[in-house]
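Enquirer: I have a structure I would like to understand better, so I am pasting it below and will then ask my questions one at a time.
The values are calculated or read from the model by the stated rules, or taken from the named source; none is laboratory data. This structure is a prediction, so every number in the text was calculated from the model and none was measured. Here Cβ is always computed from backbone atoms with ideal geometry, including for glycine, and neighbour counts include all displayed protein chains. Surface areas here come from the heavy atoms of the whole protein model, side chains and all, with no ligands, DNA or RNA. Shrake-Rupley method; radii C 1.70, N 1.55, O 1.52, S 1.80 Å.
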Amino acid sequence: MCCEIKRRFLLLYATQKGQAKAIAEQICEQADAHGFEADIHCVSESDKYNLATEKDPVVIVISTTGTGDPPDTARKFVKEIKNKTLPADHFAHLCYGLLGLGDSEYMFFCNGGKIVDKRLQELGAQHFYETGLADDCVGLEIVVEPWIDGLWLALRRAFTSRTIKEDMSNNLRAVSNGVCAVTVDTHISGACSLDSEIQHLKLEELKPQEPSLQCQTAANLHSGVSVQDTEPSLDRSVPPLSQSTLNIPALPLEYIDVQFQDNIGQAFLRALVEYTSDAREKRRLQELCSKQGASDYNSFIRESNVCLLDMLHAFPTCRPPLSLLIEHLPKLQARSYSAASSNSFQPGKLQFVFNIVEFPSSPCRSVSRKGVCTGWLSELVAPILQPHENSLHAKEGKSSDIKVSIFARSINTFHLPSDPSVPFMMVGPGTGISPFIGFLQHRQKLQEEHADWKFGETWLFFGCRHQDRDYLFRDELKSFVENGTLTHLKVCFSRDPPAATEKKTTKYVQDNIRLYAKEVARVLLKERGCFYVCGDAKHMAKDVNDTLVDILSIDAEVDKLEAMKILATLRQEKRYLQDTWA
């Protein structure tokens, strides 16, 4: 027998919040079992790899941030490959596979990955594996897991192809020297076949008593499992899932050891299985973390925003140790908020607005709860806004003692036009108005300091549910109109009845935009102004985009396809800008 030489491939990731890194590390961990060695790096670590001379296959995992931008860690990388002086065959030697992560609720789905993919192709690089685009809106794992499963065979084929080319080259050199030789790499061919067989192993062929095996059979838990003939829920399934064999992920090795004096005590659901004593509950957890149960996972956990407490309520015999929770629960990510103030207007002060996210109780959630960050922030400001004895911080001191850790993150495009004479329109319903308050504060300061400058007109389309409860910055906006900073203020209230004097009601911001269609077209097409949108990506931003397409189509007298091209040009010129969130 001979020792298998592991084939190296370069594994790069570009991450914003850690998902791309986690997936890349998952690929790295699996590589060894498939006969490969992954040389893993963040794309920002350019001193540790060199694509210009890379001969081995390259695997790239890249997420998308903002309104379709590559992650911050990939900015330098993207800038380098976008260098227009690079020749068209700069990466002709390179073969790669790319997995993009994104969210289809945003307009530019997986655009970070698409930008890199397109540019590598333009520079001559070739795919050895088709590009995968994973959607966080429906569940990244739906695309990620099959893509990783198929990666290993694609890598074997890439290495086989390279070996054949090398052998052909060697044979040609041998022929030129008067020697004829034909070589066949039976090891690689056999390995490819073996890998294919491993991919199709049946669950019953594995030994359930081995704790490290990747799959378990349903039979070893069938006794004692009573599945009622009802609708599925978080803690209960129905056929065919309840009768199928399951492919569940291997339990990863523990990499930390947390100890307390009192000895208190994803992959995450898979880990919970090991600490659940009831056979029925254990079976359901196995279903939820299996490939066969992906649909149930999305319905009862992902879409229902189920947290750890909800899981422990649903599966009472699940008793995980604290060390496991610390190991598997992800660290809290920083929350991004648009500044609702201008430093030039209020030096040393920062203002931002947030909505309290609430999750009502449901069949999957036994208790209602608030969002982690917004719930915490609401408790912090409660003594200031509604002081009472029961407030969390009522007895802890004055409001000046409250501290919130923040860090600044600049946005390269979403800012005022550099030329103050350029007119611009802003669309910001609800908390989407936040950055525009900063815009207007900055504009007011400029007008006060430069009375001789020419300033373009400004429009704000604002909307909320109720005028008496949700009209954010009402006094500030009134002041901006009075001093001439804001030329046009158009508001609407979706839940209030129309006033008796109103002939036509406008419920949403897109209704007001349509009402002023001629002015919108004039500002954008004739005066080369800017159009900003901030707020909900799923509904509002999409509706506003469709409204603009209709307006441009009518004004330019073209069909909607041509109007969409005009809007795409405005985006490229940085005159149609969005700051949206799901």
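Enquirer: Considering each residue of the stretch 518-557, count those that are in a loop (DSSP other than H, G, I, E, B) and out of contact with any Ser or Thr (no Cβ under 6 Å at 6 or more places or on another chain), and give that number.
Expert: Residues flagged as in a loop (DSSP other than H, G, I, E, B) and out of contact with any Ser or Thr (no Cβ under 6 Å at 6 or more places or on another chain) within the stretch 518-557 amount to 6.
Enquirer: Further, regarding this structure: Just checking, does the stretch 101-118 include any residue being closer than 26 Å to ARG162 by Cα and open to solvent by 40 Å² or more (accessible area, probe 1.4 Å)?
Expert: yes
Enquirer: Something else now. Quick check: anything in the stretch 330-344 surrounded by fewer than 15 Cβ atoms within 10 Å (Cβ to Cβ), assigned to a loop (DSSP other than H, G, I, E, B), of a type in the set (Gly, Ala, Ser) and at pLDDT 85 or above?
Expert: yes
Enquirer: Could you look through the stretch 1-51, keep only residues that are among the acidic types (Asp, Glu) and in a loop (DSSP other than H, G, I, E, B), and pick out the one that is most open to solvent (accessible area, probe 1.4 Å)?
Expert: GLU4
Enquirer: Another question, if that's okay. Restricting to the stretch 510-520, count the residues that are under 18 Å from PRO423 (Cβ atoms) and within 33 Å of the chain's Cα centre (by Cα).
Expert: Result for the stretch 510-520: 3.
Enquirer: In the stretch 526-566, which residues are of a type outside the set (Asp, Glu), under 25 Å from the mean Cα position of the chain (by Cα) and more than 12 Å from TYR576 (Cβ to Cβ)?
Expert: CYS534, GLY535, ALA537, LYS538, HIS539, MET540, LYS542
Enquirer: Quick check on LEU577: is it open to solvent by less than 50 Å² (accessible area, probe 1.4 Å) and closer than 13 Å to PHE424 by Cβ?
Expert: Taking the combined requirement at face value, the residue satisfies it.
Enquirer: Another question, then. Residue check: is ALA267 modelled with pLDDT under 90, at positive phi and surrounded by fewer than 20 Cβ atoms within 10 Å (Cβ to Cβ)?
Expert: yes
Enquirer: Specify the residue that is farthest from PHE439 (Cα to Cα); the eligible residues are those in the stretch 561-582 that are of a type in the set (A, V, I, L, M, F, W, C) and not in a helix (DSSP H, G or I).
Expert: Selected residue: ALA582.
Enquirer: Another question, if that's okay. Please work out which residue is nearest to ALA582 (Cα to Cα), limiting yourself to the stretch 126-154 and to residues that are in a strand (DSSP E or B) and out of contact with any helix residue (DSSP H, G or I) (no Cβ under 6 Å at 6 or more places or on another chain).
Expert: ASP135
Enquirer: Quick check on the stretch 288-325: of everything there that is closer than 19 Å to PRO239 by Cβ, open to solvent by 40 Å² or more (accessible area, probe 1.4 Å) and not polar (S, T, N, Q), which residue is modelled with the lowest pLDDT?
Expert: Among those residues, the one meeting the criterion is LYS291.
Enquirer: Could you please find all residues in the stretch 21-50 being within 28 Å of ALA88 (Cβ to Cβ) and out of contact with any Asp or Glu (no Cβ under 9 Å at 6 or more places or on another chain)?
Expert: Listed by number, the residues that qualify are HIS41, CYS42, VAL43, GLU45, ASP47, ASN50.
Enquirer: A further question on this structure: Test LEU12 against the stated conditions and say whether it is at pLDDT 95 or above and either of a type in the set (Asp, Glu) or in contact with an Asp or Glu (Cβ under 8 Å, 6 or more places away or on another chain) (or both).
Expert: Judged against the criteria, LEU12 is not a match.
Enquirer: Further question: So which pairs qualify, if the first residue must be in the stretch 551-563 and among the polar types (S, T, N, Q), the second must be open to solvent by less than 50 Å² (accessible area, probe 1.4 Å), the Cβ gap must be under 8 Å, and the two must be at least 6 apart or on different chains?
Expert: Close Cβ pairs satisfying both conditions: SER553/ALA563.
Enquirer: Within the stretch 470-487, track down each residue that is open to solvent by less than 70 Å² (accessible area, probe 1.4 Å), closer than 25 Å to VAL523 by Cα and within 35 Å of the chain's Cα centre (by Cα).
Expert: LEU477, LEU486
Enquirer: Do we find that LEU98 is within 16 Å of VAL59 (Cβ to Cβ), crowded, with 18+ Cβ neighbours inside 10 Å and touching a helix residue (DSSP H, G or I) at 6+ places or on another chain (Cβ under 7 Å) in this structure?
Expert: Yes; evaluated as a whole, the condition is true for this residue.
Enquirer: Hey, another quick one. Within the stretch 90-119, track down each residue that is over 17 Å from LEU151 (Cβ atoms) and not in a loop (DSSP other than H, G, I, E, B).
Expert: Those that are over 17 Å from LEU151 (Cβ atoms) and not in a loop (DSSP other than H, G, I, E, B): GLY102, ASN111, GLY112, LYS114, ILE115, VAL116, LYS118, ARG119.
Enquirer: Looking at GLN26, GLN30, GLN19, which one is more than 28 Å from ARG162 (Cβ to Cβ) and polar (S, T, N, Q)?
Expert: Exactly one of GLN26, GLN30, GLN19 is more than 28 Å from ARG162 (Cβ to Cβ) and polar (S, T, N, Q), namely GLN19.
Enquirer: Helices (runs of 4 or more DSSP H) wholly in the stretch 403-494 with at least 3 residues that are modelled with pLDDT of 95 or more and hydrophobic (A, V, I, L, M, F, W, C) - which ones?
Expert: The qualifying helices (runs of 4 or more DSSP H) are 434-449, 474-482.
Enquirer: Still on this structure, I have one more. How many residues are surrounded by fewer than 18 Cβ atoms within 10 Å (Cβ to Cβ) and closer than 22 Å to LYS574 by Cα when one looks only at the stretch 69-95?
Expert: 8
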